[in-house]
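What follows is one structure encoded as structure tokens, with my remarks underneath.
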Amino acid sequence: MAAADARAICPELITRPADLAREAAALAGLRRWAGRYSPMVARDGPDGLIADISGVPHLFGGEAEMRADLHARLERVGLTLSSAIAETRGAAQALARHGGGILPEGAAKEGIAGLPVSALRIGSDVAEGLARMGLNRIGDLVDLPRAPLARRFGPGLVLRLDQALGLQPEPVSPEADAPYFGVRMTMPDPIGLEADVMSGLARLLDRLCSTLAQHHRGARRLRLELHRVDRETAQVEIGLARPMRDPERIAALFKKGVSEVEAGFGIEAMRLVAHVTEDLPPEQVGGPRTIAREDALADLFSRLGNRMGFDRVLRLLPATSKIPERSFLVAPAAYSVAEPPPPHRGPDRPIIIFPPEPVTTKGLGQPGHPPARFAWRRMSFTTLRADGPERIAPEWWFDDPAWRSGLRDYWRVETREGARLWLYHTPQAPAWPAQSWFAQGEFA
Amino acid sequence: MRFDPAPSELFSLARHRVHEAEGPGRRSFALLQAARHTEALIWIIPGHAPHQPMLRGLPEGVGERLHLIRPANETDLLWATEEALRSEGVGLVIAEPEKPLSLIAGRRLQLAAEAGRTTGLMLIREGQGSNAAETRWHCAPNASERRDSTLHQWVLSKNKKGTLRTWTVHWNGKTAAVHPVSAAGKRLEPAETSR
């Protein structure tokens, strides 16, 4: 029924827009809870669960008691549901959506005979076709010869019918739980020495790294929680420049944090969690020298990043922009991959670049050309030669405050004192102060 | 008859040691050394310094091997230099300290370079070097008539294991090749006896 029709029938109807993502997450949580009834529970459509309860009902005292328990618990939470227990998955699913109930063994055929044909998981066009032929109930279909049905409506209808009656298998494949990378250890006596904590950490790391290896994941951030006897918790957190699952290298990074922890009256429990992990397919270790050097470089970045912050260990990546200060990106080395820059064509670029610094003109050159004498950083220079101009226009789609003065004409200026500088001036800026020049880089 | 050593060996820094370079052309010298190494490079610039290397202006092959470290203060800078020198995955470490290097700091860096088999180059301000440096270079660009490359003058002013010399070279900043300028005579023709 459309929302407009419903509101016409009941004007005070309260409606909310459907939030499919939250509903799916809620269904996933419900699936995990339904694990108390069966080890094999799967989601069935956007609003249902299917569970294989072979061998389970006697633990609850029977199928009826199990179903009553399920209803009671969910209705206590506030959910309305309908459920069915049957011999086959197709029959249980059909019955759950049309009334619910329990079908004893062998009674699947009679139990679903009265259900409409659309309860089988066939398309609406097939159901309409069957209705036009007068076949409205499943009971009408069961005794018909198979070949004409398959020829007229396709093999899917016959398959669904066989699955509902138990003639074709349809197993329930449960979804696996997301792996959890955390291990804990409790001590019989409280410990306080740093060496003891590090050896406990080594044992925890062995277990955690074997779990990571099993799931082909590598840890990126780890947190060690030390629970003290007086109910306080100390935490040490480290980051890694590359996902890894090597116990010795990770333990080396924890040393500094652990040495700063106050043990108080003693530490009685330790918990190690890898809360950020990344995919790490199996790789060859101990190979040629290049692999050892990459590992050593990653360890160096981890050490530097853990002390100074991972945003201070950087890499230069090429970017497609003509604006000089934006022609490269500075990215953290731990979260980026090296890229060779494309070969540079066109006028030379300086080796270092700095924010534009004003240059005081002392002797004028030709209009539009760099001044014959100028002062920069309190040093005087005399221009020997100037290459240019190279005109760079600001990006109209990106409002950069530094480029609001418009176009820039860049010149490569060689001076008698030896320095080679990259100067520019802005021809579009107002003429006062007359032709102000700026230095933005130095050449090799 | 003694032949001068081939140019490619002339400016190689002694491996597994820390050297120093001062003067206005020290960054060019550092980039030449970077272009000659083939392994990972680390350049340590203080976090508050306004300048940074420009990717498209670096010599070939340097951009993708370069890693930049921007520590917040001088202690972190020296610590990062020591850690980078001690690491075995790095080929050349270039650092720009802002304060004078004490003898203790210089010695620690030399020990770290030997332990990690890494070469170090400290770009220092005038007169701020330490006595523990293996060599000290004074680098300055000069004006020249050639347009496609820069004339550099590199003076080896301190050398623990050799003699002191001055070189004048042309370098265009794009490759690892340098062209020395002969001291006598400005022409590059081979000497021939007159008939």
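We did not get these values from a lab; they are worked out from the coordinates using the rules stated. Keep in mind that this is a model prediction, so the values were computed, not measured. Neighbour counts are summed over all protein chains in view; Cβ atoms, including those assigned to glycine, are modelled from backbone coordinates with ideal geometry.
Express in % the proportion of alpha carbon pairs of chain B at distances exceeding 31 Å. Distances greater than 31 Å cover 18 percent of the Cα pairs. Rounded to two decimals, the Cα-based Rg/Rh of segment A:297-389, with Kirkwood Rh, is 1.14. Across all directions, the average projected area of the convex hull around the alpha carbons of segment A:212-264 is 4.3 nm². Dipole check for segment B:15-134: with +1 at the C-beta of Lys and Arg, -1 at the C-beta of Asp and Glu, and the Cα centre as origin, the magnitude is about 140 Debye.
The Kirkwood radius of segment A:15-54, taken over pairs of alpha-carbon atoms, gives through the Stokes-Einstein law at 10 °C and 1.306 mPa s a diffusion coefficient of 147 µm² s⁻¹.
Peptide B:69-76 shows a mean partner chain C-beta count of 4 within 10 Å per residue C-beta.
Looking at chain B alone, DSSP beta bridges between its own residues are antiparallel in about 45 percent of cases. Note on segment A:302-355: the alpha carbon radius of gyration divided by the globular reference 2.2 N^0.38 Å gives 1.34. Counting only alpha carbon atoms, the long axis of helix A:63-77 and the longest principal axis of chain A meet at about 40°. Extents of segment A:395-444, largest first, come to 38, 25, 13 Å (Cα atoms, principal axes, whole angstrom). Any idea how far the Cα center of segment A:64-140 sits from the one of segment A:187-205, in Å? Between the Cα centre of segment A:64-140 and that of segment A:187-205, the gap is 57 Å.
With 0.36 nm allotted per residue and the present C-alpha distance subtracted, the A:Ala25-A:Leu384 stretch has 122.1 nm of extension available.
Express the Stokes-Einstein translational diffusion coefficient of segment A:182-306 in µm² s⁻¹, to the nearest whole number, given a Kirkwood radius over alpha-carbon pairs, 4 °C and a viscosity of 1.567 mPa s. My calculation gives 86 µm²/s for D. Treating each Cα of segment B:42-126 as an identical point scatterer and summing with the Debye formula, the log10 of I(q)/I(0) at q = 0.17, 0.23, 0.24, 0.26 Å⁻¹ comes to -0.68, -1.17, -1.24, -1.37.
For chain A, the alpha carbon convex hull comes to 355 Å³ per residue, rounded to a whole number. Ellipticity at 222 nm from helices only: DSSP H runs of n ≥ 4 in the protein assembly as shown, each -39500 (n - 2.57), divided by the residue count, give -8500 deg cm²/dmol. Working value for segment A:24-165: equivalent-ellipsoid semi-axes of 30, 16, 13 Å, each the square root of 5 times a Cα gyration tensor eigenvalue, largest first. Taking the three principal axes of the alpha carbon atoms in segment A:342-431, the coordinate ranges are 40, 36, 23 Å, sorted in descending order.
Applying a DSSP loop filter and a limit of 13 other Cβ atoms within 10 Å to the chymotrypsin sites (Phe, Trp or Tyr not before Pro) in segment A:341-427 leaves A:Trp396, A:Trp397, A:Phe398. B:Lys160: which lysines have alpha carbons under 22 Å from its alpha carbon, excluding same-chain residues fewer than 8 sequence positions away? Partners within reach: none. Arranged from fewest to most other beta-carbon atoms within 10 Å of their beta carbon, B:Glu60, A:Glu262, A:Glu63 become A:Glu262, B:Glu60, A:Glu63. Against the main long axis of the alpha-carbon atoms of chain A, helix A:289-308 sits at an angle near 80°. Helix A:155-165 sits at what angle to the longest principal axis of chain A, using alpha carbons and giving 0 to 90 degrees rounded to 10? In chain A, helix A:155-165 runs at an angle near 60 degrees to the longest axis.
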